[in-house]
Every structure is written in structure tokens, then in C-alpha cells.
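Participant: Questions regarding the structure given below will be posed in turn.
The values are calculated or read from the model by the stated rules, or taken from the named source; none is laboratory data. Fair warning: this is a prediction, and the values are worked out from it, not measured in the lab. No Cβ is skipped: glycine too gets one built from the backbone with ideal geometry, and neighbour counts run over all protein chains shown. Heads up: the accessible areas ignore ligands, DNA and RNA and are worked out on the full protein's heavy atoms, side chains in. Shrake-Rupley method; radii C 1.70, N 1.55, O 1.52, S 1.80 Å.
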Amino acid sequence: MRKVYLDYSATTPVKEEVLKEMLPFYTENFGNPSSLYSIGLEAKEAVENARSQVASLINASPREVYFTAGGSEADNWAVFGACDAFKEKGNHIITTEIEHHAMLHTFEFLAKRGYDVTYLPVEEDGRVNPKVFEDAITDKTIFASVMLVNNEIGTIEPIKELAKIAKEHGVIFHTDAVQALGNVPIDVKDLGVDLLSMSSHKIYGPKGEGALYIRKGLKISNFVHGGAQEMGKRAGTENLPAIVGFGKAAELAKENFDEHVKHLSELRDYMVSEILRRIPDTYYNGSKEFRHPGNANITFEYIEGEAMLILLDQKGISISTGSACSSKSLKPSHVLSAIGIPVTRIHGSLRLTVGDPTTKEDIDYVVDSLEEVVSRLRQISSVDTKKGW
Ligand SMILES: *Cc1c(COP(=O)(O)O)cnc(C)c1O
């Protein structure tokens with residue numbers, strides 16, 4: 001049976017070249033980067049090389065990049081670190097209704113501990129209106145976080161404008177760039193952000209590795225306490241092979257950027273147009289203009305996403321009904337709710353994300369399978385359909 005993976009926003013396979021760089025650091029080059037003899041110094045050098053590779057992908061200085069155990073930790077650190085460092089100034093913090101749970105659940109945690117939280121709504125295309133953001137800022141606002149690219153509908157947020165407003169009001173601004181990394185151009189200086197989160201496994205690197213960009217001159221509190229690793233800001237013996245892998249993945253992402261974006265957007269656009277043309281009562285959710293090149297989010301009216309997911313899985317196709325974390329629950333996606341999609345339509349929505357290994361044949365197989373599965377499920381649910389669902 002053909003196997004087609006169309007969930008590259010959930011995770012990506014480690015590239016061969018990345019794995020090849022990583023392997024020696026499990027065995028012969030296993031030194032602790034804090035040790036002062038040769039194999040330790042070599043390990044340290046490998047970490048610093050990776051730091052430069054990651055920094056280069058976002059136009060940061062290497063000293064502004066701190067490795068973490070993934071995107072979630074980087075998000076948590078940004079929030080707790082900034083809120084603790086600026087607690088004298090106020091307790092109002094701002095985010096959006098469409099953030100990843102790594103951000104939303106962290107804000108919810110702080111809300112229970114006395115922080116005043118504003119969740120910004122988004123427009124129909126999933127974008128935050130800068131005016132709405134500016135109006136939400138008070139003299140008690142210390143921190144704001146808006147994601148660069150949304151993981152469910154792929155919307156690219158107007159971060160440069162938002163960061164400028166935050167700066168004018170003396171608010172620390174963070175962006176979760178996990179989905180953006182390697183998929184949209186990122187220049188931290190041009191964006192003007194204070195903090196930016198990244199993750200390795202969304203860019204063909206290993207899982208459990210990520211980084212937080214902290215703008216030079218900004219002091220936020222530490223999150224993981226202990227040894228003096230990561231310039232004294234993030235304790236714990238470095239995950240050396242993963243850091244090396246993340247660095248290599250970042251280097252490849254930079255080198256192949258144009259080709260990667262072209263490949264993804266061509267396949268995604270072809271897939272979307274084929275689905276909308278061949279399957280009736282389908283809707284393309286989110287922004288057409290400001291969008292991750294590999295993301296499609298489509299509603300198939302009158303059916304359940306979970307039923308589609310199961311039948312497609314039987315055909316060797318991996319597709320998500322929402323974000324990987326929420327797809328285990330039957331709660332309607334908070335992102336699709338935020339852009340005003342009715343609950344019945346949310347339940348019939350799929351996220352399809354293409355990646356570097358995806359081919360046109362894969363897409364043809366997926367569209368054929370979708371056409372068959374959707375028509376089969378609609379026949380079963382035709383009684384409900386007539387009732388108006
Ligand atoms: C995947 C993801 C995260 C979490 O990153 P991990 O490395 O899996 O912890 C955070 N934010 C967004 C937008 C993501 O897509």
C-alpha cells in the first residue's frame with residue numbers, strides 16, 4: 001500500500017544529512033561541552049557551530065540564541081522569564097485566541113495566579129488587527145505574545161507592525177516562530193521582536209530540541225535552574241547530538257529556502273484546487289495571501305473529520321483534524337472557532353500539510369482517496385444531511 005504523510009506541521013522526518021552529522025556525537029564525540037579536556041572542548045565547539053547556524057537562519061547574533069528542549073520550553077521560558085523580570089511594572093499580559101497550546105496553557109496558568117490576561121480576537125483570515133492590539137495595551141501591560149505563523153490555518157501574522165506598537169508602549173514582545181522557521185523569511189532585526197521561539201523537529205531536525213532568541217540587552221529570568229550552560233541562562237548538560245542536528249537542519253533550511261517554498265506552495269496550491277474542483281461542498285479556511293507555503297485547511301461539509309482520518313489512515317494516508325495536540329480530543333478547534341467557522345463545519349475540517357518529500361503522485365493519490373472517502377461518508381450521513389445536520 002502507498003504511504004503518504006501529509007502532516008508536516010505536526011513533525012517532519014530527520015533528513016539523512018542531519019542524521020549523519022548527529023551520529024558521531026552519540027559515540028566517539030560524546031564529550032560534555034563543559035569539560036575542559038579535548039573531547040569536551042570539541043563538543044563545546046560543535047554546540048557553538050550549531051548556535052551560529054541557527055542564528056544565521058533568523059539573522060540573529062549567535063549570543064542571542066539559547067538552546068532549549070524544544071519549542072514548548074522556549075515558549076514557556078519566554079512567558080515566565082519576561083513576566084518575572086518585569087513583575088514590578090504590572091501584571092497585564094496579552095496573547096491571541098489562536099496560539100498553540102504551549103502558549104495558551106501557559107497564559108491560563110498565569111491567569112490562575114493573578115495575572116490579568118487579554119486574548120486578542122482575530123479577523124476572518126486569522127490575522128490580528130494591529131489597532132485592536134494597541135487598544136488592548138494598558139499602563140500595566142508588561143508582555144505580549146503573537147505567533148508568527150499559525151499551526152492550524154497557516155496564517156502569517158503582521159508581527160513587524162505588532163512589535164513596533166509593543167515597543168512604543170514599552171511592552172516586551174514575543175513571537176512563537178515554530179511554524180514559521182524555514183517556511184517564511186525571518187529576520188529578527190527587521191521584525192523588531194524581543195523574543196522568538198524555534199523548534200528543531202518542524203524543520204527536519206531531531207525532536208526535543210529548540211531555541212529561544214533573546215534580543216541582546218534584554219534580561220529575562222531563567223526558567224531551568226542549575227549549571228552554567230547556555231551562557232548561564234539555561235541549565236542542564238546540552239543534548240549535543242540534537243543541537244548538532246538542529247544546527248545542520250537550520251543550515252539546510254537556509255540553503256534550500258527558495259526551492260523549499262516553491263515546492264511546497266506549488267503542491268499545496270495544486271492539492272487545494274483539485275479538492276475544491278472535484279469534491280462538492282468544500283471550503284478553504286484561512287488567509288489565501290498571508291499563509292504558510294505548505295498549509296491547507298479544508299472543510300468537508302456534512303461529515304466528521306475523525307471518520308475521514310480513520311478511513312484515510314486505512315489507505316496509508318496520515319492527515320490531521322486539527323493540531324496534533326488537540327486531535328486526540330473532540331473539542332472543536334479553538335483556531336477555527338476564532339475565525340468564525342460554525343461548529344458543524346469545524347468537525348468536518350482537515351489540516352493537510354505538505355513537505356519536502358511530498359510528490360505530485362502523493363497528492364493525486366490523496367485527492368482520489370478523499371473523493372472516495374467523502375462520498376462514502378456522505379452517503380452514510382445523507383439522512384442527517386437532509387435534516388440540515
Ligand atoms: C510544534 C509547535 C510548538 C511546540 O514545539 P515542540 O518542539 O513540539 O515543543 C509550539 N508552537 C507551535 C506553533 C508549534 O507548531
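Participant: Mind checking which residues of segment 86-99 are more than 23 Å from N222 (Cβ to Cβ) and open to solvent by 60 Å² or more (accessible area, probe 1.4 Å)?
Facilitator: Hit for segment 86-99 is E97, nothing else.
Participant: Can you confirm whether V54 is open to solvent by less than 40 Å² (accessible area, probe 1.4 Å), within 16 Å of the ligand (Cβ to nearest atom), at pLDDT 95 or above and farther than 22 Å from F143 by Cβ? Even if it seems obvious, please write down each step before you answer.
Facilitator: Details: open to solvent by less than 40 Å² (accessible area, probe 1.4 Å): yes; within 16 Å of the ligand (Cβ to nearest atom): yes; at pLDDT 95 or above: yes; farther than 22 Å from F143 by Cβ: yes.
Judged against the criteria, V54 is a match.
Participant: To continue, here is another question. So if I check each of G217, G208, which one is assigned to a loop (DSSP other than H, G, I, E, B), within 11 Å of the ligand (Cβ to nearest atom) and open to solvent by 10 Å² or more (accessible area, probe 1.4 Å)?
Facilitator: Working: G217 fails: within 11 Å of the ligand (Cβ to nearest atom).
Exactly one of G217, G208 is assigned to a loop (DSSP other than H, G, I, E, B), within 11 Å of the ligand (Cβ to nearest atom) and open to solvent by 10 Å² or more (accessible area, probe 1.4 Å), namely G208.
Participant: Evaluate the following for S265: is it of a type in the set (S, T, Y), surrounded by 15 or more Cβ atoms within 10 Å (Cβ to Cβ) and within 16 Å of the ligand (Cβ to nearest atom)?
Facilitator: On the way: of a type in the set (S, T, Y): yes; surrounded by 15 or more Cβ atoms within 10 Å (Cβ to Cβ): yes; within 16 Å of the ligand (Cβ to nearest atom): no.
When the stated conditions are applied, S265 does not pass them.
Participant: Quick one: is G236 open to solvent by 10 Å² or more (accessible area, probe 1.4 Å), more than 18 Å from the chain's Cα centre (by Cα), within 16 Å of the ligand (Cβ to nearest atom) and over 23 Å from S145 (Cβ atoms)? Working first, answer last.
Facilitator: Working: open to solvent by 10 Å² or more (accessible area, probe 1.4 Å): yes; more than 18 Å from the chain's Cα centre (by Cα): yes; within 16 Å of the ligand (Cβ to nearest atom): yes; over 23 Å from S145 (Cβ atoms): yes.
The answer is yes for G236.
Participant: Just to be sure I understand the filter: pairs with C-beta atoms under 8 Å, separated by 6 or more residues or on different chains, first member in segment 21-34 and touching a residue at least 60 places away in the same chain (Cβ under 8 Å) and at negative phi, second member surrounded by 15 or more Cβ atoms within 10 Å (Cβ to Cβ) and in a loop (DSSP other than H, G, I, E, B). Which pairs pass?
Facilitator: Qualifying pairs under 8 Å: M22/V14; M22/P206; P33/E238.
Participant: Further question on the same structure: How many residues are surrounded by fewer than 21 Cβ atoms within 10 Å (Cβ to Cβ) and out of contact with any Ser or Thr (no Cβ under 6 Å at 6 or more places or on another chain) when one looks only at segment 67-85?
Facilitator: Of the residues in segment 67-85, 2 are surrounded by fewer than 21 Cβ atoms within 10 Å (Cβ to Cβ) and out of contact with any Ser or Thr (no Cβ under 6 Å at 6 or more places or on another chain).
Participant: Separate question: Any residue at all in segment 298-321 that's closer than 22 Å to L148 by Cβ, open to solvent by less than 10 Å² (accessible area, probe 1.4 Å) and assigned to a strand (DSSP E or B)? Steps first, please.
Facilitator: The first filter runs over segment 298-321 and keeps only residues closer than 22 Å to L148 by Cβ, leaving 320.
Still in the running and open to solvent by less than 10 Å² (accessible area, probe 1.4 Å): 320.
Keeping just the survivors that are assigned to a strand (DSSP E or B) gives 320.
There is at least one residue in segment 298-321 that is closer than 22 Å to L148 by Cβ, open to solvent by less than 10 Å² (accessible area, probe 1.4 Å) and assigned to a strand (DSSP E or B).
Participant: Could you tell me which numbered condition D356 fails, if it satisfies all but one of (1) touching a His at 6+ places or on another chain (Cβ under 8 Å); (2) of a type outside the set (K, R); (3) in a helix (DSSP H, G or I)?
Facilitator: (3)
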